[in-house]
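What follows is one structure encoded as structure tokens, with my remarks underneath.
Computed from the coordinates by the stated procedures, all read-outs in this text should not be read as laboratory data. Note that this is a predicted model, so its numbers are computed, not measured. Note that each Cβ is placed from the backbone with ideal geometry, even for glycine, and that neighbours are counted across all protein chains shown.
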Amino acid sequence: MSNPQIFVNPKSGSIRVTGTVDLVDAEGNILETVEKIKFCGCGQSKEKPLCDGSHKGLTKE
């Protein structure tokens with residue numbers, strides 16, 4: 001298993017995790033093992049908690 005790294009995009013707030021990680025439920029059961037995943041940080045994703053790129057349509061003031 002490779003060491004995960006976490007990157008937070010300062011503009012969109014999206015959170016990208018690379019490396020092998022286990023996604024677990026509240027009881028600690030492994031739901032899925034993934035190599036990389038991106039979470040929503042802007043609140044606009046229709047696929048929460050995952051990022052679907054909706055932040056690309058947002059305008060910054």
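General remarks:
- Residue-level check: of (1) in a loop (DSSP other than H, G, I, E, B); (2) surrounded by 12 or more Cβ atoms within 10 Å (Cβ to Cβ), GLU27 misses just (2).
- Residues of region 5-61 that are free of Cβ contacts under 8 Å to residues at least 12 places away in the same chain and in contact with a helix residue (DSSP H, G or I) (Cβ under 6 Å, 6 or more places away or on another chain): SER45 alone.
- Residue match in region 12-24 (condition: surrounded by fewer than 10 Cβ atoms within 10 Å (Cβ to Cβ) and either more than 11 Å from the chain's Cα centre (by Cα) or assigned to a strand (DSSP E or B) (or both)): no
- Among the residues of region 47-61, those identified as exposed (fewer than 12 other Cβ atoms within 10 Å of the Cβ) and in a helix (DSSP H, G or I) are LYS56, GLY57.
- Within region 35-46, the residues that satisfy the criterion of being surrounded by fewer than 12 Cβ atoms within 10 Å (Cβ to Cβ) and either more than 10 Å from VAL17 (Cβ to Cβ) or among the basic types (Lys, Arg) (or both) are GLY43, LYS46.
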